[in-house]
Amino acid sequence: MEVLIIEDERLIAQTIADLLETQGDRGTIALDGPTGLRAGLERPWDAIILDVMLPGMDGFQVLRELRGRGVRTPVLMLTARTQLDDRVTGLDSGADYYLTKPFEAKELLACVRMLTRRREKAAPAVLTFGDLRLELSSCLLCCGERSVRLSRKEFEIMGLLLERQGQNVSKDAILQKVWGAGESADGGSVEVYISFLRKKLQHLGSRCAIRTQRTQGYRLEVEA
Ligand code: CA
């Protein structure tokens, strides 16, 4: 299991990584908020362990940004603070579980196991439509024997189209979900990524196509 650890106290971060290693998992450490956010968006993780008090950007901001951009990875929030307000803010921001420092090694490992179990139950590992299959853990878009790897933005847009199962997805919805508040993008950016995806669908030889709607949105269709 690949776990992203966003924690500025090196000793704690390393302790968590070592603990994970004892059960055969791998922890990657990010020491501040912005670095953690970038790493969280860069590739899929099995779980994210996120400290609240971080330099650059606090854990709540990192989490809101990740969730806002469609990252559904289970998140365990870690903090020295025990106030109820913090717990509520954390859960409101999209955390799955909350653990206060200092914590017992066993407690942390149990939380991580619980998070990933919950994820396996809650979220499908693949999204399908027509002859298409999108593997969520590897970002592979497959059709029969063929497959292509999607970039993060292509993956998120394709995920939206597949989740809607042939329903219209507006450009605004795509912009909101795939591009964060700090990134400049407009309808043209969406069009560029849609054209990348259309090329990939052709390459796969899929019978599915992305149709442009008159209302400036897109939907997946299976061609007869
Ligand atoms: Ca901290």
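The values are calculated or read from the model by the stated rules, or taken from the named source; none is laboratory data. Since the model is a prediction, treat every value here as computed from it, not as a measurement. All Cβ positions, glycine included, derive from the backbone under ideal geometry; neighbour counts span all protein chains shown. When the accessible area is computed, the model is the full protein with side chains, heavy atoms only, and any ligands, DNA or RNA have been set aside. Shrake-Rupley method; radii C 1.70, N 1.55, O 1.52, S 1.80 Å.
Determine whether ARG26 is open to solvent by 50 Å² or more (accessible area, probe 1.4 Å) and closer than 29 Å to GLU135 by Cα. When the stated conditions are applied, ARG26 passes them.
Here ILE29 clears all of (1) within 16 Å of the ligand (Cβ to nearest atom); (2) assigned to a helix (DSSP H, G or I) except the condition numbered (2). Applying a threshold of 9 Å to beta carbon distances and a minimum spacing of six or more residues, or different chains, the list of pairs starting in the stretch 2-22 at a residue that is more than 10 Å from the ligand (Cβ to nearest atom) and polar (S, T, N, Q) and ending at one that is open to solvent by 40 Å² or more (accessible area, probe 1.4 Å) and modelled with pLDDT of 95 or more reads GLN14/ILE29. Take the residues in the stretch 50-81 that are at pLDDT below 85 and under 20 Å from GLU156 (Cβ atoms), then tell me which one is farthest from the chain's Cα centre (by Cα). Filtering first and then ranking leaves GLY68.
Can you find a residue in the stretch 51-60 that is closer than 14 Å to LYS101 by Cα, within 14 Å of the ligand (Cβ to nearest atom), in a helix (DSSP H, G or I) and open to solvent by 50 Å² or more (accessible area, probe 1.4 Å)? Please lay out each step first, then the result.
Step one: filter the stretch 51-60 for residues closer than 14 Å to LYS101 by Cα, giving 51-53.
With within 14 Å of the ligand (Cβ to nearest atom) added as a condition, the list becomes 51-53.
Imposing the further condition that a residue be in a helix (DSSP H, G or I) reduces the set to none.
Looking through the stretch 51-60, none of the residues is closer than 14 Å to LYS101 by Cα, within 14 Å of the ligand (Cβ to nearest atom), in a helix (DSSP H, G or I) and open to solvent by 50 Å² or more (accessible area, probe 1.4 Å).
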